Amino acid sequence: MRLRKKRYRVCGISDDEIMAEELTIELKNALSEVEALQRMLAEFGERHHLLENIVFDVTLALEEVLTNIISYAFDDDGEHKIRIRLSLDEGVLTAEVEDDGRPFDPLRVPAPELSSPLEKRPVGGLGIHLIRGLMDELEYRRVRGRNVLRLKKKAKVS
Amino acid sequence: MRVVVSKFESGAVLNVDGRIDAVTAPQFRDQLMTLIDSGYTRIIIDCALLAYISSAGLRVLYEAANKLEPHQGRMAICRANADVRRVLEMVDIASEIPIFATQEEAIQGLRYLG
């Protein structure tokens, strides 16, 4: 995992509030990176006094995005980088997830039939269903051969 | 994640402490399936200390409920915190696995269902 931080300073507000922080994490396509992701979000949440349930929701949505990418995006067994950029601006937490896998728009995956018998349900789809339920806004783009998924969540501060 | 198992009648209570995510779900699955394979048909997942569950964990719960069904087995969930409960409700897990407030109610509930 690699970290990059950018801080933008705005004049005229108290020192704590002037940080509109952007945090970039680079993860490998390995399930074990889920733990690094969790730590990162816990720290980000603490630093910005985010409510615990907001941190919970964004962590869960990003775990689902990450495990989907790791499981389905790559045709080879090689190492790939998945970049997650977190930013908090005017009470909205934005997470942008970028990978170099095959074109895949998770928003076009049909919702699982939660009412149908268990054995008839597709195994996939649960994660996407959670992502949709947890986040306020989702947007997918294919940019220069990369998948970019942007997730937004209104982030109340504790 | 840590799982502590206690027994009741023909059942087992799994107290899950920590997080069930993509990394820990396989370990949770092993422990749950081992119990079912050894003949336990009443399974209660006590979530009092469960801080987090992702779809990897939900899939294990669904798989276990499926596995119990032909053996007239039953599963129940109890004492989930508000965050975990929200996730369980989002996938309407209660339509397959009933959710109870306390462990006693879960044991009672399974007795009644069985």
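Once backbone amide H atoms are built at 1.01 Å from N, B:Phe8 has B:Val13 as its partners under 5 Å, excluding neighbours fewer than 5 places away on the same chain. Charging the Cβ of each Asp and Glu at -1 and of each Lys and Arg at +1, and nothing else, the dipole of the protein assembly as shown about its Cα centre rounds to 280 debye. Per-residue packing, averaged as other Cβ atoms within 10 Å, sorts the ranges A:91-99, B:96-104, A:54-62 into the order A:54-62, A:91-99, B:96-104, beginning with the highest. Residues whose amide H lies under 5 Å from that of B:Ile43, counting only those 5 or more places away or on a different chain, are B:Ala12, B:Arg74, B:Met75, B:Ala76; hydrogens are built 1.01 Å from N in the peptide plane. Taking 0.36 nm per residue of separation and subtracting the Cα-Cα distance, full extension of the segment from B:Arg59 to B:Phe8 would add 15.9 nm. Which of A:Lys156/B:Lys67; A:Lys28/A:Lys156; A:Lys156/B:Lys7; A:Lys81/A:Lys153 have a Cα-Cα distance over 32 Å? From the list (A:Lys156/B:Lys67; A:Lys28/A:Lys156; A:Lys156/B:Lys7; A:Lys81/A:Lys153), the Cα-Cα distance tops 32 Å for A:Lys156/B:Lys67; A:Lys156/B:Lys7.
Listed by chain and number, the aspartates and glutamates whose alpha-carbon sits under 12 Å from that of A:Lys154, ignoring those within fewer than 8 places in the same chain, are A:Asp57, A:Asp89, A:Glu90, A:Asp136, A:Glu137.
Averaged over the residues of B:22-29, the number of partner chain Cβ atoms lying within 10 Å of the residue Cβ comes to 3.
FYI, it's all coordinate maths here, none of it is from the lab. Every value quoted in this text rests on a predicted model; they were computed, and no experiment measured them. In this analysis, Cβ positions are derived from the backbone assuming ideal geometry, glycine residues included, and neighbour counts consider all displayed protein chains.
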